[in-house]
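Here the structure comes first, spelled out in structure tokens, and everything after it is commentary.
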Amino acid sequence: MQTNFSLAQLADPHVAESEKILRKCVHCGFCTATCPTYVTLGNELDSPRGRIYLIKDMLENGRPADKEIVTHIDRCLSCLACMTTCPSGVNYMHLVDHARAHIQETYKRPLLDRLTRAVLAFVLPYPSRFRAALKLAGLGRPFIGLFEKLPALKPVAAMLKLAPSSLPPVSPKASPGVHAGQGTKRGRVAILTGCAQSVLDPAINDTTISLLTRLGVEVVVPEGEGCCGALVHHMGREDQALASARRNVDAWTRAVGQGGLDAIIITASGCGTTIKDYGFMLRLDPAYADKAARVSALAKDVTEYLATLDLPEPARKPGTVVAYHSACSMQHGQKITRQPKELLAKAGFVVREPREGHLCCGSAGTYNILQPEISAKLRDRKVKNIEATGAEIVATGNIGCITQIASAAKLPVVHTIKLLDWAYGGPMPEGVSERELAAAE
Ligand code: SF4
Ligand code: SF4
């Protein structure tokens, strides 16, 4: 694609990077066919190619974002299916991240939208605030019907609908410390305890620690780590996202200095995509660029890491039929497609893949709150495809997808690690009944 940026514009490294990305696009439109919002809405401006044109126009003319561009960029899930499809290697992720930061700087959203986003950015990345907010959600639940009737309050209704009615207790394993590996030491890793997941389902990380230590891997929960910054990054709040990235880079760099690390284990693929991008996000900060690149190179999804270990024969041979839902951040963001399915199959599960596996389930960070209607359409489409597999359980590697799919599916939805842990001798995953798993023993 031809571009017409001035030399003065290109002196801004963010613009220069976006210009390089724009020049790679050859307008072929292959990406439209796999874009969930184009497939759902049928509007070129809600396709990757349409958004690329809108972003080019905004940046090239150096103008502030307007209502039209904000509407179409807000509808983008950042699922990155377009990057998997694109034959020209267009890095849509970095382009849309730049556009979102530009929108945040130059566009004044309506008051309620601004307030909703400010509350999400204040609450979600902080487990204690998120926990308190979920407890308060019970008070708002009787008003869901009312909120749904008022367009500006639909995000509030969506939030209340997603909030679980009860919460598991805080896990002691999430506190900073070292969990020693059993038997012969096979490695040393740090684990990201994260934010929303540690409140909604702390058993995911507990199970990961339990399985890894049984396999002889020492697991460190480093002092000072926190939210990866993905949630605010996708809202264009760059300063907040970069502050989170710097804090984690510091925490993990200290952990490397205190005994070395083979990997930083991430159990939510949405976080993994962002942490693997820390090197790029902090490339312009001389104090952090090298450290961030080292952290990104160490970041591994838990299934990516497990696939590098020589796993023993499973303790059980389940034979249970599992529908594997590959989160967008797993398959498109990190290009991890093979390992989770192979691990499940090796552990004795019968793995089935739903049709249209490339399409997002509509969770996408805060998307199911901020764009509840499109999100619900994508969720229902996903659930229909999952249920058509005839599986007894759904496995996936991202808490956002688990919450989203479970809100409409009739079958249990669990993190992949819980099924693997059970097959390798761990306890039955919570929420899965005897009928679904134990019957297969
Ligand atoms: S990230 Fe997903 S929703 Fe956004 S343009 Fe690409 S395919 Fe479409
Ligand atoms: S597939 Fe790639 S090159 Fe083709 S229009 Fe989409 S982004 Fe541009």
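The figures follow:
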{"item": "Those residues of the range 29-42 which are assigned to a loop (DSSP other than H, G, I, E, B) and touching a helix residue (DSSP H, G or I) at 6+ places or on another chain (Cβ under 7 Å), in sequence order", "result": "G29, C35"}
{"item": "Failed item, numbered, when V26 is tested on (1) part of a loop (DSSP other than H, G, I, E, B); (2) surrounded by 15 or more Cβ atoms within 10 Å (Cβ to Cβ)", "result": "(2)"}
{"item": "Matching entry among S326, S363, S375 (being in contact with a helix residue (DSSP H, G or I) (Cβ under 8 Å, 6 or more places away or on another chain), assigned to a helix (DSSP H, G or I) and among the small types (G, A, S))", "result": "S375"}
{"item": "Complete set of residues in the range 29-57 that are surrounded by fewer than 23 Cβ atoms within 10 Å (Cβ to Cβ), β-branched (V, I, T) and within 8 Å of ligand 1 (Cβ to nearest atom)", "result": "T34"}
{"item": "One residue from E387, E441 being of a type in the set (D, E), modelled with pLDDT under 95 and over 22 Å from T267 (Cβ atoms)", "result": "E441"}
{"item": "Matching residues in the range 58-81 - criterion: being assigned to a loop (DSSP other than H, G, I, E, B) and either touching a Lys or Arg at 6+ places or on another chain (Cβ under 8 Å) or away from ligand 1 (no atom under 15 Å from the Cβ) (or both)", "result": "N61, G62, R63, P64, A65, D66, C76"}
{"item": "Those residues of the range 87-122 which are more than 14 Å from ligand 1 (Cβ to nearest atom), under 20 Å from S375 (Cβ atoms), in a helix (DSSP H, G or I) and touching a residue at least 24 places away in the same chain (Cβ under 8 Å), in sequence order", "result": "I103, L112, D113, T116, R117, L120, A121"}
{"item": "Complete set of residues in the range 207-237 that are of a type in the set (D, E) and crowded, with 21+ Cβ neighbours inside 10 Å", "result": "E225"}
{"item": "Answer from G348, G319 - the residue that is at positive phi and surrounded by fewer than 16 Cβ atoms within 10 Å (Cβ to Cβ)", "result": "G319"}
{"item": "Qualifying residue in the range 156-175 (condition: surrounded by 13 or more Cβ atoms within 10 Å (Cβ to Cβ), part of a helix (DSSP H, G or I), basic (K, R) and modelled with pLDDT under 90)", "result": "yes"}
{"item": "Residue among R109, R100 that is surrounded by 15 or more Cβ atoms within 10 Å (Cβ to Cβ) and over 21 Å from the mean Cα position of the chain (by Cα)", "result": "R109"}
{"item": "Residue within the range 219-232 that is touching a Gly at 6+ places or on another chain (Cβ under 9 Å) and part of a helix (DSSP H, G or I) present", "result": "yes"}
{"item": "Flag if T84 is more than 16 Å from ligand 1 (Cβ to nearest atom), over 15 Å from H234 (Cβ atoms) and β-branched (V, I, T)", "result": "no"}
{"item": "Residue in the range 139-147 that is in contact (Cβ under 8 Å) with a residue 60 or more places away in the chain and in a helix (DSSP H, G or I) present", "result": "no"}
{"item": "Long-range neighbours under 6 Å by Cβ, at least six apart or interchain, first residue without any contact (Cβ under 8 Å) to a residue 60 or more places away in the chain within the range 42-56, second away from ligand 1 (no atom under 11 Å from the Cβ) and outside any helix (DSSP H, G or I)", "result": "R49/G29; I52/C25"}
{"item": "Among (1) touching a helix residue (DSSP H, G or I) at 6+ places or on another chain (Cβ under 8 Å); (2) closer than 20 Å to Q197 by Cα - the single one A406 does not satisfy", "result": "(1)"}
{"item": "Output for the range 29-80, where each listed residue is more than 16 Å from ligand 2 (Cβ to nearest atom) and among the hydroxyl-bearing types (S, T, Y)", "result": "T40, T71"}
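The values are calculated or read from the model by the stated rules, or taken from the named source; none is laboratory data. What you are looking at is a predicted structure, and each value in this text was computed from that prediction instead of being measured. Glycine gets a Cβ as well: all are built from the backbone with ideal geometry, and neighbour counts include every protein chain shown.
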